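The values are calculated or read from the model by the stated rules, or taken from the named source; none is laboratory data. Predicted model only: the values in this text are computed from it and were never measured. Don't worry about glycine lacking a Cβ; one is built from the backbone with ideal geometry, like all the others, and counts go over all protein chains shown. Surface accessibility is based on the protein's heavy atoms, side chains included, excluding ligands, DNA and RNA. Shrake-Rupley method; radii C 1.70, N 1.55, O 1.52, S 1.80 Å.
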Amino acid sequence: PRAPPGMGDVPEPCPQAPLAVLSKVELRVSCKHLLDRDTLNKSDPCVLLLMQSQGQWMEVDRSEVIKSNLNPVFAKIFTVDYYFEEVQKLRFEVYDSHGQAGVGTHDDDFLGGMECTVGQIVAQKRVTKPLFLKYGKFAGKSTITIISEEISGNNGYVELAFRAKKLDDKDLFSKSDPFLEIYRIDDDRSEQLVYRTEVVKNNLSPIWEPFKVSLNSLCSCEEKRKLRCVVWDYDSRGKHDFIGEFFTTFEEMQKAMGENKVQWDCMNPKYKIKKRNYKNSGVVVLLDLKIHRVYSFLDYIMGGCQIHFTVAIDFTASNGDPRNSCSLHYINPYQPNEYLKALVAVGEICQDYDSDKKFSALGFGARIPPKYEVSHDFAINFNPDNDECEGIQGVVESYQSCLPKIQLYGPTNVAPIISKVARVAADEERTKEASQYFILLILTDGVVTDMADTREAIVRASYLPMSIIIVGVGNADFTDMQILDGDDGVLRSPKGEPVLRDIVQFVPFREFKNVSGAATGSCL
């Protein structure tokens, strides 16, 4: 049984249930001696990471494309959940990308694949294996190397913004096209690529886009660990020209917080030896640095946080007319409907963590009085100034009272309620106390209409002290919910930004409605 996302080691309601030991693992990928599929240039490789789920290979994530390079070191860091008691099968597939067409899956684009388990990589820390084409044929001398690192402790992230000034011009007919690489130097003196910026074309004083990187990746959470930063002049054939380098530490970088800036001479060692009056090959400036700490659910609880629960109920027309016995909202005087069963089963577990036993209770997708306009975040007690109910029983009573007064409508927009709770969580986090953790319980019958907005809202919420539990009611298609859950891959915003934490857990209630509350809780 897995605890809710962002909930760390929450005590299991069922003491007999075996505890899944979860840790996060970062994987770095590089290849050597890849096959050359291009006639004029070298291959443009990209790596796809697939994970086996219920016997099917599912794409979890993919790397960037590296142009014209048969020995690529990918900047992309893959993050996977590691359950040591499970055999988690991984497959890495390398493809030759074709510009705007993206990564093809034709045989002539396939540069080779390799299968292993998460456990094998974690145990060995560094795995190098040959790449195979179809039917077990070796892909020439091609190899793939995976380096793993377990993320430990309170892993925060840092946001960095770099620029450079007066870099050496390496191009004959135009100016250099610079990009910056940051390497972490490990205890064995090996270097791990932490980040590679975008290329700024034809500019000797580039301003690179700000970027985020975990403190674990940057410096293994050790402020004095040495970092090597290298500036290159981009070459479309893969033969980048070295402009210069400098060494620093995260401790030194932190001087750039606030109004301060830190700068380094970008040095070319060969020029330093050859040229008598050589000063530098340009200057690199750290314009800004912001540190963000990431805390788990358990960190909040152990720190004395109070839990605030919000229940959100789907009142869209797809649930069926409440007067009809087939409706999921049918009010039967003799037994609770599907929504009430789900609410009580999950809510009773959740309220154990809520000291004041008060739940905010919201509805979405209905026309509400007095004007009967559609609302996607209304208080089911019709008191917008105080949407809280006394315990689960209070939510049940407000739900039963609300149902005859509203008109089930649509569409099924979930983003407004996620954003509403996220705003409250953000306001709380801005106070010095940060004394509350917010859990949003969404009860819904299926397909989400505003999927893009919902993904964006979840990515934003993943930076806040907040988790989301989605319970699917009825027998509809819950594909959308499983995508939001992210168990088969990292959930991303429409622009491609990944969630900072996995904060969503989806549970189809039909699988649990005939089991005890304790068993239901262990599955949450």
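Observations on the model:
- Taking Cα centre as origin and charging only the Cβ of basic (Lys, Arg, +1) and acidic (Asp, Glu, -1) residues, the dipole magnitude of the chain rounds to 2260 debye.
- Each Lys and Arg contributes +1 and each Asp and Glu -1, all at the Cβ; summed about the Cα centre of region 239-352, the dipole is approximately 1240 debye.
- Summed over the residues of the chain and divided among them, the accessible surface reaches 49 Å² per residue at a probe radius of 1.4 Å.
- Here the peptides 454-462, 270-278 are ranked by packing, the mean other Cβ count within 10 Å, and the order with the highest first is 454-462, 270-278.
- Counting only DSSP beta bridges with both residues in region 305-511, the antiparallel share comes to about 30 percent.
- 5 Å-binned pair-distance histogram of region 19-70 (Cα, whole percent): 4, 15, 19, 18, 17, 12, 8, 4, 2, 1, 0
- Computed in the context of the full set of protein chains, the accessible area of region 327-454 at 1.4 Å probe radius has 49% of its extent on carbon or sulfur.
- Alpha carbon centroid spacing (whole Å) that separates region 394-441 from region 22-55: 41 Å
- Each peptide in 329-335, 376-382, 419-425, 137-143 gets a packing score, the mean of other Cβ atoms within 10 Å over its residues, and the list from highest to lowest is 376-382, 419-425, 137-143, 329-335.
- Each Lys and Arg contributes +1 and each Asp and Glu -1, all at the Cβ; summed about the Cα centre of region 158-228, the dipole is approximately 240 debye.
- Given charges at Cβ of Lys, Arg, Asp, Glu: the chain dipole, positive-most of 484, 138, 343: 138
- Farthest toward positive dipole pole in region 182-296 [+1 Lys/Arg, -1 Asp/Glu at C-beta], among 280, 291, 210: 280
- Between the listed residues 382, 418, 70, the Cα displaced farthest toward the positive end of the dipole of the chain, a dipole computed from Cβ unit charges relative to the Cα centre, is found at 70.
- Here, region 375-490 is characterised by an Rg to Rh ratio of 0.97, where Rg is the alpha-carbon radius of gyration and Rh the Kirkwood radius.
- Over all pairs of different C-alpha atoms, region 378-427 has a mean inverse distance whose reciprocal, the Kirkwood radius, equals 12.5 Å.
- Protein accessible area in region 157-292, 1.4 Å probe - carbon and sulfur %: 48 percent
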